[in-house]
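Read through the structure below, which is laid out as structure tokens, and then see the notes.
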Amino acid sequence: MMMSPASTHTDIKRRSPLSEFRVALKMPVLCSSCAEKRAVLKRPKTAHSLCKECFFWAFEEEVHQTIVSAQLFKHGETVGIGASGGKDSTVLAHVMKVLNERYNYGLKLLLLSVDEGITGYRDDSLETVKRNQQQYELPLKIVSYEELYGWTMDAIVKQVGLKNNCTFCGVFRRQALDRGAMMLKVDKICTGHNADDVAETVLMNVLRGDIARLRRCTAISTASEGEGVVPRCKPLKYAYEKEIVLYAYFKKLDYFSTECIYSPNAYRGHARTFLKDLEAVRPSAIMDVIHSGENLSVREGVKMPVQGTCGRCGYISSQALCKSCVLLEGLNRGLPRLGIGKHHRLHEKILLQQPLTQEEERKLKAVDF
Ligand code: SF4
Ligand code: ZN
């Protein structure tokens, strides 16, 4: 799933799309593409009845078209595929490998995973990634929060509780992927964000009035924003989640579908439910929301954050310290609220390692979340 810097990975319970497509095809219907084989599904995106092979071909070709028309890669590049073991990144890894061979992209592909340190979730999903590594014969690099930050998500949740944990996780993951990519000298990272994820993010940013993120969130790729930031792209940006599930199902791909044990993230859940309801009435709603986001223009004179670099770690930041360093400082000082909400005026103090006042500490300590 993608992801604006502070956005998070969620696997909120979804309705299984498989049942509705099988029911739709109780009567034998010929594939509308080859007109030879029996259709096994109705495409959620186009409502065409297709056989398995024609569906695979249509799905892969659309991803290929996305890659070619947005010029996502250059021949000879090393591309890290953000792999969580979930359906999106597993389908992405599979399709990237197929297309790289079919169209001779000339890419060196590898899998890049982040171990957040969530017992009973990430340890299991990483086993799936390790199997994928064997199945797709791709090199795999795993970077862990524990080695990078000295904290696992299990330990973070113990300190911060279950309300803001995804803020920590989302911010740390973004930087962890960049760090892993740099260790491997990767030219680009591609992530499994699908059309539903992008549409959800557009809705969330509209609802929050976050104009800076709204402007960025529909971009299919990001240029390198500075030192330590590897360009990213989303080859599945126009692929419907339902079709990703169907593709994984009919290809019998090996993926992990359990949701994170720490996934409250209620706000994204509401945007997701709202979008699913819209999609049920009008399947093009997902694409319509993305197109609306893509075509928005921001009035001149609207104040945008100016990107600089973090005074501590050098990562991009519009403040004196990047979000990751602030969150980490909060954890290490036992002041978990430091990175939640706006405490920018304290960044300079932290950077200079000046002590906080008792009143400042009292406010930042409270774990009423
Ligand atoms: Fe995703 Fe779980 Fe991390 Fe939240 S805590 S961002 S749900 S992996
Ligand atoms: Zn930093």
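What are the pairs with Cβ atoms under 6 angstrom where one residue, in the stretch 310-333, is without any contact (Cβ under 8 Å) to a residue 60 or more places away in the chain and within 20 Å of LYS158 (Cα to Cα) and the other, located anywhere, is away from ligand 1 (no atom under 16 Å from the Cβ) and in a loop (DSSP other than H, G, I, E, B)? Sequence gap at least six, or different chains.
Here the result reads CYS325/CYS310; CYS325/ARG312; CYS325/CYS313, each pair linking the stretch 310-333 to a residue that is away from ligand 1 (no atom under 16 Å from the Cβ) and in a loop (DSSP other than H, G, I, E, B).
List pairs: first in the stretch 153-173 and in contact (Cβ under 8 Å) with a residue 12 or more places away in the chain, second among the basic types (Lys, Arg) and away from ligand 2 (no atom under 16 Å from the Cβ), Cβ under 9 Å, 6+ apart or cross-chain?
MET153/ARG122; VAL160/ARG337; ASN164/ARG337; CYS166/ARG268
For the stretch 252-343, give me every one of the helices (runs of 4 or more DSSP H) that falls completely inside it and has 3 or more residues that are surrounded by fewer than 18 Cβ atoms within 10 Å (Cβ to Cβ) and not charged (D, E, K, R).
Where helices (runs of 4 or more DSSP H) fall fully within the stretch 252-343 and carry at least 3 residues being surrounded by fewer than 18 Cβ atoms within 10 Å (Cβ to Cβ) and not charged (D, E, K, R), they are 266-281, 285-295.
Check VAL206 against each of (1) over 18 Å from the mean Cα position of the chain (by Cα); (2) among the hydrophobic types (A, V, I, L, M, F, W, C); (3) more than 30 Å from PHE56 (Cβ to Cβ); (4) assigned to a loop (DSSP other than H, G, I, E, B) and name the one condition it does not meet.
Unmet for VAL206, out of (1) over 18 Å from the mean Cα position of the chain (by Cα); (2) among the hydrophobic types (A, V, I, L, M, F, W, C); (3) more than 30 Å from PHE56 (Cβ to Cβ); (4) assigned to a loop (DSSP other than H, G, I, E, B): (4).
Could you tell me which of the residues TYR103, TYR121 is at pLDDT 95 or above and over 21 Å from LYS252 (Cβ atoms)?
When all the criteria are applied, what remains is TYR103.
Yes or no, residue by residue, for (1) closer than 19 Å to ARG174 by Cα; (2) surrounded by fewer than 24 Cβ atoms within 10 Å (Cβ to Cβ):
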| site | (1), (2) |
| --- | --- |
| HIS94 | no, yes |
| LYS97 | no, yes |
| ASN100 | no, yes |
| LYS108 | no, yes |
| LEU112 | yes, no |
| ASP115 | yes, yes |
| ARG122 | yes, no |
| THR128 | no, yes |
| GLN133 | no, yes |
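Just need a number here: residues in the stretch 143-177 that are part of a loop (DSSP other than H, G, I, E, B) and either within 13 Å of ligand 1 (Cβ to nearest atom) or among the hydroxyl-bearing types (Ser, Thr, Tyr) (or both).
Looking only at that region, the number is 6.
Quickly run through the stretch 294-314 and pick out the residues that are away from ligand 2 (no atom under 16 Å from the Cβ) and among the small types (Gly, Ala, Ser).
Correct list: SER297, GLY301.
Kindly indicate which of ALA181, ALA248, ALA239, ALA212 is among the small types (Gly, Ala, Ser) and not in a helix (DSSP H, G or I).
Selected residue: ALA239, the only one of ALA181, ALA248, ALA239, ALA212 that is among the small types (Gly, Ala, Ser) and not in a helix (DSSP H, G or I).
Kindly provide the set of residues from the stretch 257-287 that are basic (Lys, Arg) and either within 16 Å of ligand 2 (Cβ to nearest atom) or free of Cβ contacts under 8 Å to residues at least 40 places away in the same chain (or both), ordered by number.
ARG282 - this is the single residue of the stretch 257-287 that is basic (Lys, Arg) and either within 16 Å of ligand 2 (Cβ to nearest atom) or free of Cβ contacts under 8 Å to residues at least 40 places away in the same chain (or both).
The values are calculated or read from the model by the stated rules, or taken from the named source; none is laboratory data. Note that the structure is a prediction, hence the values are computed from the model and not measured. All Cβ positions, glycine included, derive from the backbone under ideal geometry; neighbour counts span all protein chains shown.
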